[in-house]
Amino acid sequence: MAAPVGAGELRTVDQLDARLKELHKLTAITPLFNPVFQLGLELSRALENGEMSLDHIEALVAEMDCEGLRARAARLDRILGTLPIAENDALLGETAAQTAADDDFTAFAVRWQRPAAHVVFTAHPTFLLNAAQTEAVASSASNGDFSQASVCVAAPERDTITLDTEHAAAMAAIARGQKARDRIVGHLLDIAAARWPKRWKGLNPMPVRFAHWVGYDMDGRTDISWSTSIRYRLEEKAERLAGYAQALEAAAPEISARLSRAHAHTAELASAFRQDLTDPEALSAAANGLTAAHPDKIVSLESVITRLEEEARHADHDQARTLLTAAAAMRADGLGMGWIHFRVNASQLQNAIRRRLDPEGKLSLASQAALVRMRELLAEVKPLKSNFAALAIENSTAVRQFLAMAQILGHIDADSPIRMLVAECEEPTTVLAALYFARMFGIDDKVDVSPLFETENALEHGGRFLDAVLAEPAYRDYARKRGRVSIQTGFSDAGRFVGQIPAALAIERLQGRLAEAMAANGLSDVSALVFNTGGESMGRGCHPSSIDDRFDWQMSPWARRRFLRAAIRLEPEVSFQGGDGYLWFGSDELALATLTRMTERPLWAADVNAPTDLFYRRTDLSLDFYRAIRGVQHDHLESSTYSRAITAFGLGLLNDTGSRKSRRQSDLASDRTMSLRQIRAIPHNAILQQLGYPVNVIAGIGTAADGNREEIAALLRDSARGRQIVRLARAANALASIKTVSAYGELFNSAYWASRPYRGDEQQISDACLKLAEYLTKDDRAGVYRRLASRLRVDALKLHRLLDLIPDEAPLKDREHTRRSLGVLHSLRIALFQHMFLRSVMVPQFSRANDISRDDVLEMFFTLRVEDGLAQLRRAFPVHFPSINDFAVEAPSDYPDSSATGYAGIHKDYIDPIARSYALSLRITTALANEFGAHG
């Protein structure tokens, strides 16, 4: 048995690591022994008996936090590969030279005028690091210095995240992307000039296109008004005009001056839309200023681009290169920082159309009768003029979005199309409703309606949905007018509902069905724009192993080949989500490396002559494998055990990482029975990582192979797609620990608290332990965690047997060190939670107020609604009182006397330690998330 240790042996991270390693040996003797919880107990004892203080714990957490930041920077460097700008210039030259090898200018032009991908910057709540930490990680990843002195220079205090800060971060990331793209365009022009000196000025390169939805995504949000979207679009226009003007200052001073004037005019308009527009007079002034004719107003860049290209024909090489690079940027971005995506929920569209489709509420929108009536409405609709007053008084969220788009296209940027993403879209009538409103406001030639497939039902029936929508004559006419069919797939929600691996396979199948449906309905002559939204980490849609896996996971070569073989032009679109995604564009070096990797391997490319992968040939095995994993994931999602375990701590394990709320509002009673449906996908997946086991990635794989293990192992081993799945499973399994899941459950074990002071050596907390034991006698969470751990253990044993049959392509040399680091972090947090719980029951009795009892406050702490609990304690035990000296009263008073004192001692002994412990636990949250590679 491992000998007991004193606090002096737990003062450094190395000592904690060594102690955890020693404790792990005991699992060979006592299988149920939990080294993570035991180390947490030892730290807790040292903290409670005074041998350690929160200062000591903070020093340990700071060191582990630094290690997580260093790991994150190193991971980004590893995945992106080459980072120095000069080396990426050379790699781009090699790629471009290969495409020019046959001396065919037309082929070269076609290749480089087609974006390798559309990159969309989304505002998902994944701003885990503060701005200074983000900059330090980006800088370290860029220069390859992962030392503590390079990475760990920023203070850990969190930023307040607002929609404005998210928008500013997105704009900064896009600006660096644009700079990198300009560099790539310049190199392509140089190569073309050297190879085709008489034709190169006819090259219009577009290596990548940018877009974003920050400030335009209304799904699940009520805090973004239409005026916010208008203001952002004006600010983006002003920023882009300033950039164009600066780029052309020397090469085309007259054009630059015109653009500068347009920038000043636009900036003034943006300022007007920053005002309070609830006042009709203020709104009228802002709207009239925007819609009025003005000599400096520009709503289209077509004439500017034409003039730049004309001047380039007569310019020398350097000047022409500058002019054509600017023209290429204008062609890609228009009068903004990129394309924009509005997003609404299908229910919002259905509510809007029902008033016109079925005012008496008798029809089901899923019915054939509703579809017939929708066709009639589409045939009858005539374009209507609209203005800002109509926008201001509209009470339908969906209709407001179309009205806002009409104003943007009419008065801000007439060139750039706008995406209308429709979340939870499962009925063809919903798509036609969106088309109806686009026609009503005369913008159907500029708006791409894009249904989002992410729910279990949408993935299951998506193929039939696509068949039905594409069979509609009105939709086919619309698709030909727009030149594309647009869809969106959502990996985060899909991964929550059916598991990440089944989600990826279901989405892949849906992508293939889109190719089939387009071909079957005579739409091979238009593009397929497929927007795949996934986060940067395992569990949210991107593969953690390599850049190839990242790009191929969301849209596999098999799916791409379906479009190529049907002669359908594919426009792949990928998201870089929130703070996670913006890191890939966190410096000039990172942005150039990211785009260079894309140009090296365009996301639409695939070998059409490649033999069919074994995974798709042996559907007798792969389909059953998929269904079995999905079945296990579905059982977890529907299980009250799983739901209770994941929601046991509420969302208190997580930092606030975005302006959008992570859950719907609820009262204290509903917290005790919180449903997984109340938690959004990103925090759900993040909680799994914080509890130590990414269930949504690896659960079910072992069970799915059970009974047919050798054949499944051979399938996964001999198939490229199968090996990719195994790499994802191994990456998640390397960080997974069922012992850690169990350790958190023990915090709710009444028997543990009753037994802890049993031997008499912790008398100073014996009364507190008794109170906790008594309070938890009726609590179900300890049993819930044990049942979940048992289920996970059985499945994990089967997974390990499967993985033993498949060679590990790239064993992680520091795997065990990383696992112990994670274990140490969890042990530290368990010690901090115990400190919080003990202090919370030591607080003196206080009276009930606002229907909040002492037990309610205790439950706040147990569910980690710590700020709420602290607010109640501070209300009950104030330290700031009105002073008798504040009043000019002439009559004397001997009261208050010296005995009427405040509650400073209670704050010092109980309230402040709880607050500090929780703050340290959230730093541990950041460190754990960094080891996983992202938040969520």
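The values are calculated or read from the model by the stated rules, or taken from the named source; none is laboratory data. No experiment lies behind these values; they were computed from the predicted model shown. Please note: Cβ atoms are built from the backbone with ideal geometry, for glycine as well, and neighbour counts cover all protein chains shown. SASA here: full protein model, heavy atoms, side chains in, ligands and nucleic acids out. Shrake-Rupley method; radii C 1.70, N 1.55, O 1.52, S 1.80 Å.
What the table below lists for this structure:
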| read-out | value |
| --- | --- |
| Region 579-629, residues that are of a type in the set (S, T, Y), outside any helix (DSSP H, G or I) and crowded, with 23+ Cβ neighbours inside 10 Å | none |
| Single residue of L510, L470, L523 found to be surrounded by fewer than 24 Cβ atoms within 10 Å (Cβ to Cβ) and closer than 30 Å to I687 by Cα | L510 |
| Selected residue (only one of A154, A175 is touching a residue at least 24 places away in the same chain (Cβ under 8 Å), open to solvent by 20 Å² or more (accessible area, probe 1.4 Å), under 15 Å from G338 (Cβ atoms) and not charged (D, E, K, R)) | A175 |
| The lone exception for T160 - which of (1) part of a helix (DSSP H, G or I); (2) under 20 Å from the mean Cα position of the chain (by Cα) it fails | (1) |
| Enumeration of residues in region 104-126 that are open to solvent by 20 Å² or more (accessible area, probe 1.4 Å) and touching a helix residue (DSSP H, G or I) at 6+ places or on another chain (Cβ under 7 Å) | R111, H124 |
| Residues (among the acidic types (D, E) and over 21 Å from the mean Cα position of the chain (by Cα)) located in region 190-233 | D190 |
| Residue check for A172: at pLDDT 95 or above and of a type outside the set (K, R) | yes |
| Filter pass, T740 being open to solvent by 10 Å² or more (accessible area, probe 1.4 Å) and modelled with pLDDT of 95 or more | no |
| Flag for D588 being under 24 Å from A503 (Cα atoms), out of contact with any strand residue (DSSP E or B) (no Cβ under 9 Å at 6 or more places or on another chain) and not polar (S, T, N, Q) | no |
| Matching residues in region 907-936 - criterion: being in contact with a Lys or Arg (Cβ under 6 Å, 6 or more places away or on another chain) and open to solvent by less than 10 Å² (accessible area, probe 1.4 Å) | I914, S921, I924, N930, G936 |
| Within region 31-54, tally of residues that are in contact (Cβ under 8 Å) with a residue 12 or more places away in the chain, assigned to a loop (DSSP other than H, G, I, E, B) and closer than 14 Å to L828 by Cβ | 1 |
| Residue list for region 419-447, filter: under 26 Å from the mean Cα position of the chain (by Cα) and part of a loop (DSSP other than H, G, I, E, B) | E424, C425, E426 |
| Counted residues, region 656-675 - those being modelled with pLDDT of 70 or more and buried (at least 19 other Cβ atoms within 10 Å of the Cβ) | 4 |
| Selection from region 310-319 of residues that are assigned to a loop (DSSP other than H, G, I, E, B) and either touching a residue at least 40 places away in the same chain (Cβ under 8 Å) or touching a Leu at 6+ places or on another chain (Cβ under 6 Å) (or both) | A315 |
| Options T489, T455; residue that is among the polar types (S, T, N, Q) and open to solvent by less than 10 Å² (accessible area, probe 1.4 Å) | T489 |
| Matching residues in region 354-396 - criterion: being part of a helix (DSSP H, G or I), charged (D, E, K, R) and closer than 28 Å to I230 by Cα | R354, R355, R356 |
| Region 191-217, subset out of contact with any Gly (no Cβ under 9 Å at 6 or more places or on another chain), at pLDDT 95 or above and among the charged types (D, E, K, R), residue least open to solvent (accessible area, probe 1.4 Å) | K201 |
| Pick from region 413-425, criterion farther than 19 Å from A327 by Cα and not charged (D, E, K, R), ranking: surrounded by the most Cβ atoms within 10 Å (Cβ to Cβ) | C425 |
| In region 381-406, residue most open to solvent (accessible area, probe 1.4 Å) [restricted to those that are more than 13 Å from Y216 (Cβ to Cβ) and among the polar types (S, T, N, Q)] | N395 |
| Residue under evaluation G243, criteria (1) part of a helix (DSSP H, G or I); (2) open to solvent by 20 Å² or more (accessible area, probe 1.4 Å); (3) in contact with a helix residue (DSSP H, G or I) (Cβ under 7 Å, 6 or more places away or on another chain), criterion not met | (3) |
| Unmet criterion (only one of (1) open to solvent by 10 Å² or more (accessible area, probe 1.4 Å); (2) in contact with a Leu (Cβ under 6 Å, 6 or more places away or on another chain); (3) of a type in the set (S, T, Y)) for T430 | (1) |
| Residue match in region 565-579 (condition: under 20 Å from N696 (Cβ atoms), under 15 Å from the mean Cα position of the chain (by Cα) and small (G, A, S)) | yes |
| Residue in region 796-808 that is small (G, A, S), under 35 Å from the mean Cα position of the chain (by Cα), modelled with pLDDT of 95 or more and part of a helix (DSSP H, G or I) present | yes |
| Check on T322, farther than 22 Å from H411 by Cβ, open to solvent by 10 Å² or more (accessible area, probe 1.4 Å) and not in a loop (DSSP other than H, G, I, E, B) | yes |
| Residue in region 334-350 that is assigned to a loop (DSSP other than H, G, I, E, B) and free of Cβ contacts under 8 Å to residues at least 40 places away in the same chain present | no |
| Count - residues of region 809-845 that are open to solvent by less than 40 Å² (accessible area, probe 1.4 Å) and assigned to a helix (DSSP H, G or I) | 22 |
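To keep it simple, each residue is scored yes or no on (1) acidic (D, E); (2) in a helix (DSSP H, G or I); (3) loosely packed, with under 12 Cβ neighbours inside 10 Å; (4) in contact (Cβ under 8 Å) with a residue 60 or more places away in the chain.
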{"residue": "S847", "(1), (2), (3), (4)": "no, no, yes, no"}
{"residue": "L858", "(1), (2), (3), (4)": "no, yes, no, yes"}
{"residue": "A871", "(1), (2), (3), (4)": "no, yes, no, no"}
{"residue": "R874", "(1), (2), (3), (4)": "no, yes, no, no"}
{"residue": "V879", "(1), (2), (3), (4)": "no, no, no, no"}
{"residue": "N885", "(1), (2), (3), (4)": "no, yes, yes, no"}
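To keep it simple, each residue is scored yes or no on (1) basic (K, R); (2) open to solvent by 60 Å² or more (accessible area, probe 1.4 Å).
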residue	(1), (2)
R19	yes, no
L26	no, no
P31	no, yes
L83	no, no
E94	no, yes
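For every residue, the table says whether it meets (1) part of a loop (DSSP other than H, G, I, E, B); (2) farther than 28 Å from V741 by Cβ; (3) in contact with a Leu (Cβ under 9 Å, 6 or more places away or on another chain).
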position	(1), (2), (3)
H56	no, no, yes
R72	no, no, yes
A97	no, yes, no
D102	yes, yes, no
R114	yes, yes, no
V119	no, yes, yes
A138	no, yes, yes
